[in-house]
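Read the structure below first, then the notes.
The values are calculated or read from the model by the stated rules, or taken from the named source; none is laboratory data. Note that the structure is predicted; figures quoted are calculated from it, not measured. Here the Cβ positions follow ideal geometry from the backbone for every residue, glycine too, while neighbour counts run over all protein chains shown. Heavy atoms of the whole protein, side chains included, go into the accessibility calculation; ligands, DNA and RNA do not. Shrake-Rupley method; radii C 1.70, N 1.55, O 1.52, S 1.80 Å.
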Amino acid sequence: MRIGQMLGSGRSADVYELDEQWVLRRYRDGLDATHELPVMAYLSASGYPVPRLGLQPPSAGPGDLVLQRLTGPTMLESLLSGDIGGAECSALLARLLAELHTVPARLSPDPEDRILHLDLHPDNVMLTADGPVVIDWSNTEEGPPALDRAMSALILAQVAVDPDNAAAAGGRALLTALVPHLMAEGGIPACHLADVAARRAANPTMSPAERDLIGEAVALVTALSR
């Protein structure tokens, strides 16, 4: 497997060019990607828009995934450039969450559980010529859909309450537009909001400054959900 240039880098992984069709996503710090493979394969078979999986070569490590090379901006990039508006973005995020939550759980015996992304925000949606594609399934679990809705809302709220973030005003506007969609899908119960707040606080990739914003972000989501 010949690894080409780095195409992008996130909080926990780097993406490298393999060829015109495929990329290698490689986790740093020993994180394991193997749990994502069956989930993404299951979602793809269910018709949900995820990157296609490539053949894992023998040299691939547990932190490697060979994925379809996607062409197009992220939703965040399109928001910042003005190519997509907040209302359209919020409706699309809500639709992607709602469609995901129609997919039954693979493993859980609870008939109410669904596949959850638990990190679905504008930087994890690629806007390709064939439609939106949801990326980065590192946090995926099975559970109640309200947990996913709460996580997406809280992530946006942390941006919205950050006085040092240039995107704070846009984040607040997007969250304000998104919450009514989420309420229509079943809402954001306080117990699930508390759960995702604890998860964010325990996230090792977050800075102390980001953790300090969680309480204010929870308060904002709670206020908008009333």
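Can you tell me the length gained on complete extension of the stretch D83 to R226, counting 0.36 nm per residue apart and subtracting the Cα distance?
Going from the current span to full extension adds 48.4 nm.
Rounded to whole numbers, the Karplus 3J(HN,Hα) couplings from phi for the stretch 125-130 are 10, 9, 9, 9, 5, 8 Hz, using 6.51 cos²θ - 1.76 cosθ + 1.60 with θ = phi - 60°, and x at Gly and Pro. Summed over the residues of the chain and divided among them, the accessible surface reaches 48 Å² per residue at a probe radius of 1.4 Å. The Cα center of the stretch 18-33 and the Cα center of the stretch 122-152 differ in position by 18 Å. Placing +1 on the Cβ of every Lys and Arg and -1 on the Cβ of every Asp and Glu, with no other charges, gives the chain a dipole of roughly 60 debye about its Cα centre. The phi torsions of the stretch 161-167, fed into the Karplus equation with coefficients 6.51, -1.76 and 1.60 and a -60° offset, translate into couplings of 9, 8, x, 9, 9, 5, 8 Hz, rounded to whole numbers, with Gly and Pro shown as x.
When the stretch 143-226 is described by a simple charge dipole with +1 on each Lys and Arg Cβ and -1 on each Asp and Glu Cβ, the residue from A194, T205, P163 located farthest towards its positive end is A194. Taken over the alpha carbons of the stretch 39-134 as equal point scatterers, the Debye sum produces base-10 log I(q)/I(0) values at 0.11, 0.14, 0.15 Å⁻¹ of -0.39, -0.61, -0.69. The share of accessible area on the stretch 133-226 that comes from carbon and sulfur is 59 percent, using a 1.4 angstrom probe.
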